[in-house]
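The values are calculated or read from the model by the stated rules, or taken from the named source; none is laboratory data. Predicted model only: the values in this text are computed from it and were never measured. As a convention, Cβ positions derive from the backbone with ideal geometry for all residues, glycine included, and neighbour counts pool all protein chains shown. To get the accessible areas, we keep the full protein, side chains included, count just its heavy atoms, and leave off ligands, DNA and RNA. Shrake-Rupley method; radii C 1.70, N 1.55, O 1.52, S 1.80 Å.
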Amino acid sequence: MKEVTFIRQNISKWRGAELVVETIGDTDATELADTYIDVTSDLAFAQTHYPESKITRYLNNLASALHNEIFRSHRYRWSRLLTYWTQDVPLTMWEARRELLLSFIVFTASVFIGFLSQLLDPEFCRIILGDRYVDMTLQNIASGEPMAVYSGNSEGTMFGSITMNNVMVSFVTFALGIFTSLGTGFLLFQNGVMLGSFQTFFAQHELLWESALAIWLHGTLEISAIIVAGAAGMAMGNGWLFPGTYPRIASFRRGARRGLRIVVGTVPVFIVAGFIESFFTRHTEWPDLLRLSIILCSLAFVIYYYIVLPKKRNHESRKTID
């Protein structure tokens, strides 16, 4: 790459880094660290390709200024935790919006494959869900309690086990991104096929509405968080596959940091989803309107937090830099 092209592609980012140095007291630790990684990655590239250039000396000075601030002791306030979920995660989601869209497409296509497979072969769900689970569900349907699987244990026991399992699934989905985006994509595919065949199985027994109210009562948050975790894994995997102007290892580190921030941000969502599944989903006697309202409120939250708010935060950030 020609030096002038390198400068043209990154000059706006470096100006932003200068602003970070100038307003260091108003910059949160995460933004400071991300800026430092970006600048040092560009510095490494410049040292390799333009070792005697003025731009290399400029980047070295900029990286030094950031380094001194990062390793100076800071006071962290409790409000930093709130800032993480209201500022850092939404901004990172904006950066990973393409990965989020890809994760959603992969999952939705997998749901359709599961639906079509179960439609063509009513025994397909046994391959995905296992004979034991399918036979138990058939017994529950025969006894007039098709959703009895959600009331088999005490609320507290279910809440702990379900939440831990969902959080573990999300981190595994993210971690598989280390094997490029294909590992994360495979787990999304697996979960999507399972959901599609499971929902179609109930539809084949004329329980589509009842099963949808029960499944999506908690599933709106749970499934959405899994898709977001998929975006986190893809962000890490794409950092390795598509390094751009960065050295591949530096690009991978940037992607991993971005993905980790996203997946940590899903933990509260999984906790709420686990609470709903443990304490609410079992109450199939509740009015349909009440359960539908909870589903719609959950959907509104997901759309706002993962789509609307990131766009808003990005707009605010650009205005601040301007």
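Quick one: compute the contact order of the chain, relative version, from alpha carbon pairs under 8 angstrom and 6+ residues apart, as a percent. Write out the running numbers ahead of the final one.
Values: 369 pairs, mean separation 75.1, N = 322.
So the answer I get is 23 percent.
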Along the Cα→Cβ direction, 7 angstrom out, place labels at GLU95 and THR157. What is the inter-label distance in nm?
4.4
First compute the accessible area of the range 84-226 with a 1.4 Å probe, then give the percent of it belonging to carbon and sulfur atoms.
69
Charge dipole (debye, nearest 20) of the range 123-209; +1 at Cβ of Lys and Arg, -1 at Cβ of Asp and Glu:
260
Determine the dipole magnitude for the chain: charges of +1 sit on the beta-carbon of Lys and Arg, -1 on that of Asp and Glu, nothing else is charged, the reference point is the Cα centre, and the result goes in debye to the nearest 20.
1380
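If you stretched the chain out fully between GLN190 and GLU18, how much longer would it get, using 0.36 nm times the residue separation minus the C-alpha to C-alpha distance?
Working: separation 172, 0.36 × 172 = 61.92 nm, distance 4.52 nm.
The span from GLN190 to GLU18 would gain 57.4 nm if fully extended.
By average Cβ neighbour count within 10 Å, what is the ranking of 289-301, 84-96 from highest down? Write out the running numbers ahead of the final one.
Details: 289-301: 14.5, 84-96: 20.2.
In decreasing order of mean packing, 289-301, 84-96 become 84-96, 289-301.
So what is the diffusion coefficient of the chain in µm² per second by Stokes-Einstein at 10 °C and 1.306 mPa s, using a Kirkwood Rh over Cα pairs?
Values: Rh = 22.0 Å.
Roughly 72 µm²/s, to the nearest whole number.
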FRET efficiency, 1/(1 + (r/R0)^6) with R0 25 Å, evaluated for ASN314 and ARG57 via beta carbons
0.20
Farthest positive-ward along the range 197-258 dipole, Cα basis, beta-carbon charges - from PHE202, GLY233, PHE252:
PHE252
Cα gyration tensor shape for the range 206-322, rounded if a/c is under 1.5, else prolate or oblate
prolate
How much length is gained if the chain between ILE7 and GLN139 is pulled fully straight, taking 0.36 nm per residue apart and subtracting their Cα-Cα distance, in nm to one decimal?
40.8 nm
Just the number please: accessible area per residue for the chain, 1.4 Å probe, all protein chains included, in Å².
53
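Which order do peptides 268-274, 9-15 fall in by mean Cβ count within 10 Å, highest first? Before the final figure, lay out the partial values.
On the way: 268-274: 20.1, 9-15: 13.4.
The densest-packed peptide leads the list: 268-274, 9-15.
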